[in-house]
Amino acid sequence: MPPRAAVVAGAAGALVFALLLLVIVRLPWAGDLGMHAATVERLRHSLADPGNPLVDADTPSPYYSPWMLVLGCVARLTGLSVFVVLRIGALVGLALLFTGVWRYVRTLTADRAAPALALLCLVFLWGTSLFAWSGFLGLNSLALTVSYPSVFALGLAFHLWAWLARAVRAEAGWGVWLGLGVLWAVILLCHQFSGVVASLGALATVAAGRPGRAVTARLAGALAVGVVVLWAWPYYDFFALFGAGADLESVHRGLYRDLPGRYWLVLLGVAALVPRLRRDRLDPLALFFGLGVLVVAAGWLSGHYSWGRALPAVVIPAQLAAALAVAAARPGRRRAAWAAALTAALLAGAWTQAGTLGYVVPRTALPRAVAEKFREPWAGYHWLTPWVRYGDVVMARTLPARQIPAYGPYTVAPGYPDFFLPDEDRRAAAVRTYFAPGTPWETRRAIVREYGVRWVVDGGTPAGEGLRRVATGPDGQVLYEVLKPSARRDTP
């Protein structure tokens with residue numbers, strides 16, 4: 001790659017890193033941030049038996065991962081706010097991701113500019129329909145999920161692939177391979193879906209290395225050690241996740257919507273995979289891509305829409321192939337054509353995600369065209385904290401229930417599907433009944449007693465007798481205190 005182009009790619013990569021550092025300072029709230037904050041908060045109070053992170057129940061949870069355990073220990077030892085701890089976690093995850101991309105790309109090419117160009121492709125080479133989901137590395141998605149375990153797990157995944165590639169080539173000893181087995185298990189425990197992507201990439205990396213008998217035996221040992229770690233993890237039964245119900249599939253059906261709009265720029269990378277496959281039928285990126293396509297297609301055909309979380313296994317190798325097609329190509333018209341096409345695609349992707357700037361720059365300071373792309377993050381429920389204490393139970397609908405536990409309280413029903421909560425459906429039905437118009441107060445009172453509800457969060461409409469209006473928050477949300485029977489009176 002020409003020196004000037006390499007400098008430009010490196011500078012652009014540095015700007016992306018700086019932007020994400022500023023995003024971490026702001027830590028915009030959307031999606032699952034409340035779940036992860038609640039998980040850290042429970043571990044802060046009890047490392048050995050934290051219970052369900054969202055509701056007052058003694059159940060395991062797949063959110064109690066090795067990484068969350070580390071962050072819980074940090075919160076417990078330092079006394080820092082859970083959101084400060086999540087910022088620390090975001091810094092570590094981002095550093096792992098950037099260094100992991102650099103190390104893995106270096107196993108594919110010696111070109112010094114390739115890692116920076118690969119990073120730009122990972123964050124910008126998507127589509128022209130804005131899309132955000134944990135485990136997906138588009139800039140907008142990464143800005144909203146940088147503190148999630150998925151970013152930490154994907155960072156470890158890139159390091160895993162780099163170590164695997166070198167271990168296969170150098171025929172590393174048993175200690176290295178057993179360590180790789182532990183790392184594989186940790187990734188799966190930290191974020192199961194990113195663990196699937198990591199596993200597909202690892203399989204492609206090993207197959208591309210054409211391992212001999214000695215390496216194959218050590219690989220089997222690594223897998224065995226990894227399975228033991230998964231089995232021995234005390235906070236939840238990893239293998240029970242294979243029996244997750246239909247709720248998981250319905251949540252993920254949206255992953256299969258608008259595929260052309262979300263990913264059409266990735267087709268440039270798919271085109272770059274073709275000559276790689278012609279040169280080498282065991283090319284690691286081509287194998288990785290093919291495995292990802294098989295899993296995602298099988299999910300669509302079988303109705304297992306959660307398998308769509310393997311889409312990064314389709315996108316990542318194609319994005320890396322697009323970067324390598326430019327960085328590692330010989331000088332000439334062919335490289336010039338690839339460079340022009342990739343530059344245009346990256347600019348289109350960057351423009352699509354330009355609204356990400358709104359997370360670090362006031363919207364009023366943005367050009368109108370950019371401000372229109374910005375999506376406001378959630379406001380949060382910190383306004384409850386002067387009254388609602390750690391461990392209090394709050395009656396709330398689904399969207400508030402996704403955020404309130406971040407501050408320490410519980411909700412009656414979880415804001416997210418919970419495979420390990422046996423009475424999840426009953427709790428959800430209780431919330432619907434409580435808020436249903438015309439429900440008798442005696443029925444509401446019975447629900448309040450059953451779940452130990454101390455507070456109710458709802459819109460500004462008076463919610464009935466037995467409640468006292470305490471505070472008002474954004475968007476007309478109101479906090480009500482549940483009065484004891486002796487103090488019962490109508491809400492003013």
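The values are calculated or read from the model by the stated rules, or taken from the named source; none is laboratory data. Since the structure is predicted, the reported quantities are computational estimates derived from the model, not experimental observations. Virtual Cβ from ideal backbone geometry, glycine too; neighbours counted across all protein chains shown. Surface areas here come from the heavy atoms of the whole protein model, side chains and all, with no ligands, DNA or RNA. Shrake-Rupley method; radii C 1.70, N 1.55, O 1.52, S 1.80 Å.
Brief remarks on what is shown
- Extension reserve of the Trp387-Arg4 stretch, reckoned as 0.36 nm per residue once the Cα distance is removed: 132.0 nm
- Spin-label pair Ser250-Leu399: with each label point 7 Å from Cα along the Cα-Cβ axis, the two points sit 1.9 nm from one another.
- Helix axis angle, 192-208 relative to the chain longest principal axis, alpha carbon, degrees: 10
- Taking chymotrypsin sites (Phe, Trp or Tyr not before Pro) as exposed when DSSP calls them loop and at most 13 other C-beta atoms lie within 10 angstrom, the chain has its longest site-free stretch at 1-386.
- In the context of the full protein assembly, Asp392 retains an accessible surface of approximately 10 Å², using a probe radius of 1.4 Å and ignoring ligands and nucleic acids.
- Helix-derived mean residue ellipticity, 222 nm - over the chain, DSSP H n ≥ 4, -39500 (n - 2.57), to 500: -18500 deg cm²/dmol
- Accessible area of region 350-492 divided out per residue, in Å², using a probe of 1.4 angstrom: 50
- Distance in nm between pseudo-label sites at Ala297 and Thr128 (7 Å out along the Cβ direction from Cα): 2.7
- Proximal charge balance of Gly79 [Cβ under 13 Å; K/R count +1, D/E count -1]: +1
- The distance from the alpha carbon centre of region 397-416 to that of region 37-51 is 15 Å, rounded to a whole number.
- Note on region 1-60: Cα-Cα pairs beyond 16 Å make up 64% of the total pair count.
- Label-to-label distance, Asp237 versus Ala436, with points set 7 angstrom from Cα along the beta-carbon direction: 3.3 nm.
- Helix 312-327 and the longest principal axis of the Cα set of the chain meet at an angle near 40°.
- From phi via Karplus (6.51, -1.76, 1.60), per-residue ³J(HN,Hα) for region 77-93 in Hz, x at Gly/Pro: 7, 9, x, 5, 4, 4, 6, 5, 4, 5, 5, 4, x, 5, 4, 5, x
- Measure of compaction for region 173-247 (Cα Rg per 2.2 N^0.38 Å): 1.19
- Measuring nothing but alpha carbons in region 135-266 and taking Rh as the Kirkwood radius, the Rg to Rh ratio lands at 1.02.
- Solvent-accessible area assigned to carbon and sulfur over region 36-92 amounts to 64 percent, based on a 1.4 Å probe.
- Given (i) 91, 59, 45; (ii) 65, 57, 54; (iii) 84, 56, 46, the label whose value is Cα extents along the principal axes in Å derived from this model: (iii)
- Helix 149-170 axis, angle to the chain major axis (alpha carbon atoms, nearest 10°): 30
- In a simple Cβ point-charge model (Lys, Arg +1; Asp, Glu -1; nothing else charged), the chain has a dipole of about 1600 debye relative to its Cα centre.
- For Ala471, the amide hydrogen comes within under 5 Å of the amide hydrogens of Leu479, counting only partners 5 or more places away or on other chains and with H modelled in the peptide plane.
- Projecting the Cα atoms of Tyr64, His36, Val182 onto the charge dipole of the chain, computed from C-beta unit charges around the Cα centre, puts Val182 farthest toward the positive end.
- Dipole of region 1-158 computed with +1 at Lys/Arg Cβ and -1 at Asp/Glu Cβ about the Cα centre; of Thr107, Asn140, Phe152, farthest Cα towards the positive end is Thr107.
- Rg to Rh quotient for region 75-192, alpha carbon positions, Kirkwood Rh: 1.02
- Between Arg330 and Arg257, full extension at 0.36 nm per residue minus the direct alpha carbon distance yields a gain of 22.4 nm.
- Calculated FRET value between Thr78 and Val25, using beta carbons and R₀ = 22 Å, to 0.05: 0.75
- Its alpha carbons give region 417-479 an Rg and a Dmax of 12.9, 35 Å.
- Bridges between two residues of the chain, per DSSP, are antiparallel at a rate of about 65%.
- Theoretical FRET efficiency, 1/(1+(r/R0)^6), r = Cβ-Cβ of Val274 and Arg213, R0 35 Å, to 0.05: 0.60
- Using R0 = 51 Å, the C-beta based FRET efficiency linking Arg468 and Leu15 works out to 0.50.
- Listed residues Ile447, Ile88 arranged by accessible area, highest first, probe 1.4 Å: Ile88, Ile447
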